[in-house]
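The values are calculated or read from the model by the stated rules, or taken from the named source; none is laboratory data. What you are looking at is a predicted structure, and each value in this text was computed from that prediction instead of being measured. Here Cβ is always computed from backbone atoms with ideal geometry, including for glycine, and neighbour counts include all displayed protein chains.
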Amino acid sequence: MENLGCAKNLVDGESLAGMLLQKGWQVADTPEEAEYLLVNTCGFIAQAKEESIDVTLEFRRRFPTKKILLTGCLSQRYGQELFRHLPEVDGVFGNRDLTKIGEILERIEGGEKGLLVPERYGPTPPRPVRAASPGSTYIKIAEGCRNRCSYCAIPLIRGDLRSRPEEEILEEIRTFLQAGIRELNLIAQDLGSFGRDRGDAEGLVSLLRRIQRLSGNFWVRFLYIHPEHFPLALLDICKEDKRFLPYFDLPFQHASTKILKAMGRRNGSRENLHLVERIRTTLPEAVIRSTVLLGFPGETEEDFEELLRFQSQACFEWLGTFVYSREEGTPAAEMDRKRTLHVKRSVALSRKKRIEEAQQEITARRLDRFVGKRLPVLIEEKVEGEGLSLGRAYLHAPEVDGLVVIHDGSVPPGEVIPVRVIRRNGIDLEAVPVVKEAYHG
């Protein structure tokens, strides 16, 4: 199985694997060993769609006799088109009801080309206990989204918000903790909206209070909270319980009031900067990641300069950048078709480069404050032959941020050890172990 796109798609891939294991299938370690190749596609932006198609065509080139099944977001949104126009695949399966994966494989096993794009949403299937990386896993607490940002196709693909039952989430967490997982990365399209589909505006806080009551030494990380739904009680939880990491992923997207309004955002830069200040005043050690979108329809040079000022004032530790992608069926796509609003891709890319260049200095400055400090670090891998290990501290989310390079290669992946940071090296930190034993809180 080739998982593309976000962590939520990775969890879907694990769920598909769990369903197939229950039905007697086995997961092959390499594509060469497999009979079926599942490409779990992403359909978020044009670049992700292109990658999904490129990976599929490359698999067909390398493995002309194997069966290829497309799954994931691209399959859900464009199932019919892919089935008609991509003869290289043997089947297309949407992601609204993962429990039906067995049905489409039975069709393909019977000699048919399969197409199954469920319209109704199925139950949450069981996941095999598997770490996304040593000692770490993702826990998806909700599916779908109700925010309706004008540029985003996610609600068209994954539907409206559907929060999982708290007890179901807690049971999954208990299972992973019993298996030795040390880091729980909570994910959803918007963690802050958890429970709102049930009329519970404090749903996330309620869930976290129940997780607090679980015993054990583990981390809880929050990935993606819409700034307008950020529960301030979350700061109290992080202050009370150090297992809840002061790492906040807040996608502000822009700073221009005009652009934010066109995006469907209610808060402006003043409110957003106030939230950043509130977080850092309450939790001085807090780390904030954000994302910004360049080239949104109607973005002028003045709007961009406002974004640069916001970036300078907010001083995010980490910042991701994206160029606007026209997604059919979204309100922004209609805006982008107007010549007076369309922003040339070359202009958007130039602005993206300027934001990234400015962020390098900001990130370096924010990381320098960790030099000389002691931090617990989750070891992810050894660097063979170098006497080094790679890991992450609380300021590093999986895959997207920097790393800690530890000058010791003896600690097994999945362990958490205390280290002292000795220097910054680009976006990474270098450190030495404080003691040669697993960190226990």
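Look at the stretch 243-272 and say how many of its residues are without any contact (Cβ under 8 Å) to a residue 60 or more places away in the chain and not aromatic (F, W, Y).
Total satisfying the criteria: 18.
One residue is enough: does the stretch 335-355 have a residue meeting the conditions part of a helix (DSSP H, G or I), touching a Phe, Trp or Tyr at 6+ places or on another chain (Cβ under 6 Å) and touching a residue at least 60 places away in the same chain (Cβ under 8 Å)?
For the stretch 335-355, residues part of a helix (DSSP H, G or I), touching a Phe, Trp or Tyr at 6+ places or on another chain (Cβ under 6 Å) and touching a residue at least 60 places away in the same chain (Cβ under 8 Å): absent.
Could you tell me which residue of the stretch 382-421 is modelled with the lowest pLDDT, considering only residues that are charged (D, E, K, R) and closer than 22 Å to R289 by Cβ?
E399
Are any of the residues in the stretch 118-134 surrounded by fewer than 20 Cβ atoms within 10 Å (Cβ to Cβ), within 24 Å of A333 (Cβ to Cβ) and aromatic (F, W, Y)?
The answer is no, given that none of the residues of the stretch 118-134 is surrounded by fewer than 20 Cβ atoms within 10 Å (Cβ to Cβ), within 24 Å of A333 (Cβ to Cβ) and aromatic (F, W, Y).
Go through the residues of the stretch 171-189 one by one and say whether even a single one is free of Cβ contacts under 8 Å to residues at least 60 places away in the same chain and on the phi > 0 side of the Ramachandran plot.
No, every residue in the stretch 171-189 fails to be free of Cβ contacts under 8 Å to residues at least 60 places away in the same chain and on the phi > 0 side of the Ramachandran plot.
Every residue, every condition in (1) surrounded by 15 or more Cβ atoms within 10 Å (Cβ to Cβ); (2) charged (D, E, K, R); (3) not assigned by TED's automatic domain parsing to the domain that holds E302, yes or no:
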residue: P331; (1), (2), (3): yes, no, no
residue: A348; (1), (2), (3): yes, no, no
residue: K382; (1), (2), (3): yes, yes, yes
residue: G402; (1), (2), (3): yes, no, yes
residue: D408; (1), (2), (3): yes, yes, yes
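What residue, among those in the stretch 359-380 that are among the β-branched types (V, I, T) and within 15 Å of S312 (Cα to Cα), is surrounded by the fewest Cβ atoms within 10 Å (Cβ to Cβ)?
I362
Would you be able to say whether some residue in the stretch 367-376 is in contact (Cβ under 8 Å) with a residue 24 or more places away in the chain and part of a helix (DSSP H, G or I)?
yes
Can you name every residue in the stretch 273-297 that is over 26 Å from A348 (Cβ atoms) and touching a residue at least 12 places away in the same chain (Cβ under 8 Å)?
Matches in the stretch 273-297: L275, R278, I279, T282, L283, E285, A286, V287.
In the stretch 384-400, which residues are outside any loop (DSSP other than H, G, I, E, B) and surrounded by fewer than 16 Cβ atoms within 10 Å (Cβ to Cβ)?
L388
Sort out which residues of the stretch 147-198 are under 29 Å from T330 (Cα atoms), β-branched (V, I, T) and in a helix (DSSP H, G or I), and write them in order of number.
Matches in the stretch 147-198: I154, I157.
Out of the residues in the stretch 36-87 meeting the condition of being buried (at least 17 other Cβ atoms within 10 Å of the Cβ) and among the aromatic types (F, W, Y), tell me which one is nearest to the chain's Cα centre (by Cα).
Looking at residues that are buried (at least 17 other Cβ atoms within 10 Å of the Cβ) and among the aromatic types (F, W, Y), I get F44.
Taking the residues in the stretch 165-217 that are within 15 Å of R146 (Cα to Cα) and basic (K, R) as candidates, determine which candidate is nearest to the chain's Cα centre (by Cα).
It comes out as R196.
Could you please find all residues in the stretch 225-261 being of a type in the set (S, T, Y) and within 22 Å of A142 (Cα to Cα)?
Passing the criteria: only Y247.
Would you call L390 out of contact with any His (no Cβ under 7 Å at 6 or more places or on another chain), within 21 Å of F248 (Cα to Cα) and not assigned by TED's automatic domain parsing to the domain that holds S312?
no
Being in the same structural domain as G144 (by TED's automatic domain parsing), within 12 Å of I141 (Cα to Cα) and of a type in the set (S, T, Y) narrows it down to one of S193, S215, so name that one.
S193
In the stretch 1-109, which helices (runs of 4 or more DSSP H) lie fully inside it and hold 2 or more residues that are hydroxyl-bearing (S, T, Y)?
The qualifying helices (runs of 4 or more DSSP H) are 46-62, 73-85.
Somewhere in the stretch 67-81, is a residue of a type outside the set (S, T, N, Q), free of Cβ contacts under 8 Å to residues at least 24 places away in the same chain and closer than 23 Å to I53 by Cα?
Yes - at least one qualifying residue is present in the stretch 67-81.
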